[in-house]
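Written out below as structure tokens is the structure these notes cover.
Readers should treat all values here as calculations from the given coordinates under stated rules, not as data from a laboratory. Predicted model only: the values in this text are computed from it and were never measured. Neighbour counts are summed over all protein chains in view; Cβ atoms, including those assigned to glycine, are modelled from backbone coordinates with ideal geometry.
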Amino acid sequence: MLTPSSLFRLCLGLAGSSLAMLSTPLHAQPASVPGAPPELRVQGNRLVTVKDGKEVWLQGVNVPSLDWGVKGESLLLSVAKVVDEWKGNVIRLPVKEEFWFGKGTKHNTRSDGGQSYRDLVDKAIALASSKGAYVVLDLHRYRAPRKEYLDFWTDAATRYKNNPAVLFDLLNEPHGITWQIWRDGGFVEEKKKAGDEDAFLTPEEKLNNKHGFQSPGMQAMIDAVRATGAKNIVVIGGLDYAYDLSGVVNGFALTDKSGNGIMYASHVYPWKKGWQKKLLDAAAKHPILLGEVGADANKMKFIPANAQEDAATWVPAMLGLIQKHRLNWTGWAFHPKASPRMLLDWDYTPTPFWGQPAKDALSGKQFPAPDRLR
């Protein structure tokens, strides 16, 4: 039977419990992660362990499917195959913020608010971590940072800030903006079909009618991650769909005052030219992740055929470049239907043009340095 005094004590207890629940982040993970690989930090242009300063060279693959669906496709088996059979020590895991928060429209993610999606990401990270491998969590979006991406990283960074296996790739492929907007934010104009009345507008009216969004910029993305207390290394892609890092060594480098550092990302394919200026100059000063790299026997239809080097010559040259400069890399893609394919089928048969050479490199085979830079 409740007396007035016991009822008062019960209410105090419930209030205290409620306050404790409110003070705990909604998606936080445990403070310790048993079996995880060593925590990393940036030192010069390399990654080293926080504890003893030993260099760690990240080499692995992208395991996609959570970027286009909420259930994944052979996700956990693929993670295990990468580490156990292909000898990779890192997995780049593309995700989407709309699925994370259960707001997808094409796929029914609203019934549980994204909980099952987040749980699957947790499982993939836990599996890789238990095998001593790292995971680059990639927000698989394009163009420029948006407010909703800040919201995602605030939540995801809170969730994984105590997990030494996780690195944060803040935006998959920036493009179509200036270096100033890339770093500091600003208005990003989006193309739309001109209306009949546009010809009669003054320049000022045209400016006011611009369609687009206000981007917070990459520095604000980093600051949002650090505001959660997360020290995890952040990965930042350059311009030209994350290929071009020239701005990083020409006045637009980002700052990280309270974390384990910044690793810049470049996505390199057979039609990308200017390796020295766009990639290697930055690699001399900063750690680099080739977050996407690969070539297919069938040339990409959205790029002029004569602009694409054949996989037979490009793949060994690129692997030789990676090994010469000890560039961190995650090949695209460990999936039989995501080109450039590393797999022929779900029996995990490597493609001869990209999967097999990449698998050989992950297993320790040495490739000669390229005879020329592209």
How far apart, in nm, are two points set 7 Å out from the Cα along the Cα-to-Cβ line at residue 148 and at residue 184? 2.8 nm
In a Debye calculation with equal point scatterers on the alpha-carbon sites of the range 215-281 and no solvent, what is log10 I(q)/I(0) at q = 0.12 Å⁻¹? -0.34
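With only Lys, Arg, Asp and Glu charged, each at its Cβ (+1 for the first two, -1 for the last two), find how big the charge dipole of the range 219-374 is about the Cα centre; round to the nearest 20 debye.
So the dipole magnitude of the range 219-374 works out to roughly 260 debye.
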What list of ³J(HN,Hα) values in whole Hz, one per residue of the range 329-338 in order, does the Karplus curve 6.51 cos²θ - 1.76 cosθ + 1.60 (θ = phi - 60°) give from phi, with Gly and Pro shown as x? 7, 9, x, 10, 8, 7, 6, x, 10, 10
In whole Hz, what ³J(HN,Hα) sequence does the range 43-59 give by Karplus (6.51, -1.76, 1.60; θ = phi - 60°), x for Gly and Pro? 9, x, 9, 10, 9, 9, 6, 5, 5, 10, x, 6, 5, 10, 9, 7, 9
Multiply the residue separation of residue 305 and residue 115 by 0.36 nm, subtract the distance between their alpha-carbon atoms, and state the gained length in nm to one decimal. 64.1 nm
Once residue 87 and residue 347 are pulled to full extension, the length gained, defined as 0.36 nm per residue separation minus their Cα-Cα distance, is 91.9 nm
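Tell me, what is the percent relative contact order of the range 249-361, built from C-alpha pairs under 8 Å that lie six or more residues apart?
Normalised by residue count, the contact order of the range 249-361 is 22 percent.
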For residue 373 and residue 273, compute 0.36 nm times the residue count separating them, minus their Cα-Cα distance, and round to one decimal in nm. 35.1 nm
Length-normalised contact order for the range 47-152 - Cα pairs under 8 Å, 6+ apart - percent: 27 percent
Partner lysines for residue 191 [C-alpha distance under 16 Å; skip if fewer than 8 residues away on the same chain]: 206, 210
Proximal lysine pairs, the range 234-333, alpha carbons under 29 Å, eight or more residues apart or interchain: 20
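Could you compute Rg(Cα) / (2.2 N^0.38 Å) for the range 280-336, with N its residue count?
Taking the Cα Rg and dividing by 2.2 N^0.38 Å, one obtains 1.25.
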Estimated FRET transfer efficiency when R0 is 30 angstrom, pair residue 55-residue 76 (beta carbons, to 0.05): 0.55
On a straight-distance basis, which lysines could pair with residue 81 in a cross-link, Cα separation under 22 angstrom, same-chain partners fewer than 8 positions away excluded? 71, 123, 131, 337, 359, 365
Taking N as its residue count, the alpha carbon Rg of the range 73-152 over 2.2 N^0.38 Å: 1.19
